[in-house]
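Asker: First, the structure itself, so that you have it in front of you.
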Amino acid sequence: LLAEEVRLLQEAKALVKQSPSAALAKTREHAQRFPNGTLSLEREMVAVEALVAAGRMQDARSRANGLRGAVKGTIYASRLASLVGPDVP
């Protein structure tokens with residue numbers, strides 16, 4: 001199952017810049033198939049990246065704020081801040 005999670009998220013990451021909406025669709029597919037998956041935080045990060053790439057900053061910030069507690073003290077914290085600004089640690 002982990003290999004399938006990885007595959008879906010790799011596909012999503014590859015689509016972020018060229019087709020943010022397709023990347024978001026992949027993250028939704030991942031969420032449906034693996035709601036408590038090992039890579040659920042990575043999925044959310046990819047979704048935020050896709051929202052930023054799509055110019056949907058308000059949606060990206062809202063989703064990022066929902067991750068604030070989960071990413072605190074992890075490698076994702078600075079990545080999230082660089083995506084949506086310093087309000088998200």
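The values are calculated or read from the model by the stated rules, or taken from the named source; none is laboratory data. Note that this is a predicted model, so its numbers are computed, not measured. For neighbour counting, all protein chains shown are included, and Cβ atoms are generated from backbone atoms with ideal geometry for every residue, glycine included. For the accessible areas, the whole protein counts, side chains as well, though only heavy atoms, and no ligand, DNA or RNA atoms are used. Shrake-Rupley method; radii C 1.70, N 1.55, O 1.52, S 1.80 Å.
Asker: Ignoring ligands, DNA and RNA, what percent of the accessible area of the chain is carbon or sulfur (1.4 Å)?
Answerer: Details: 2670 of 5070 Å².
Carbon and sulfur: 53 percent of the exposed surface of the chain.
Asker: As a test of the formula, what do you get for the chain when each DSSP H run with n ≥ 4 contributes -39,500 (n - 2.57) and the sum is divided by the residue count, at 222 nm and rounded to the nearest 500 deg cm²/dmol?
Answerer: -23500 deg cm²/dmol
Asker: Taking the Cα centre of the chain as origin, work out the dipole magnitude from +1 charges on Lys and Arg Cβ and -1 charges on Asp and Glu Cβ, in debye rounded to 20.
Answerer: 120 debye
Asker: Charges at C-beta only: +1 for Lys and Arg, -1 for Asp and Glu. How large is the resulting dipole of segment 9-49 about its Cα centre, in Debye rounded to 20?
Answerer: Details: 6 positive and 5 negative charges, 17 e Å.
Magnitude of the dipole: close to 80 debye.
Asker: Roughly how tilted is helix 20-33, in degrees to the nearest 10 and between 0 and 90, from the longest Cα axis of the chain?
Answerer: The angle comes out near 70 degrees.
Asker: For a label point 7 Å from the Cα of V6 along Cα→C-beta, name the residues of segment 16-36 whose backbone N is under 18 Å from it.
Answerer: Only 30, 34 fall inside the zone, counting backbone N under 18 Å.
Asker: What is the helix-to-structure angle for 2-15, meaning the angle in degrees between its Cα long axis and the longest Cα principal axis of the chain, kept from 0 to 90 and rounded to the nearest 10?
Answerer: Roughly 60 degrees, rounded to the nearest 10.
Asker: Follow-up question, since we're still on this one. Using every Cα-Cα pair within segment 40-89, state what percent have a distance larger than 17 Å.
Answerer: In whole percent, the share of Cα-Cα pairs in segment 40-89 beyond 17 Å is 17.
Asker: Within the P(r) computed for the chain, what percentage of the Cα pairs occupies the region above 20 Å?
Answerer: Summing the P(r) tail past 20 Å for the chain gives 30 percent.
Asker: What lysines could a cross-link reach from K26, if we take a straight Cα to Cα line under 22 Å and drop same-chain neighbours fewer than 8 places away?
Answerer: Hits, sequence-local ones excluded: K13, K17.
Asker: May I ask you to evaluate 6.51 cos²θ - 1.76 cosθ + 1.60, the Karplus curve with θ = phi - 60°, for each residue of segment 51-60 and list the ³J(HN,Hα) values in order in whole Hz, giving x for glycine and proline?
Answerer: 3J(HN,Hα) across segment 51-60, in whole Hz: 5, 4, 4, 7, x, 9, 4, 4, 5, 4.
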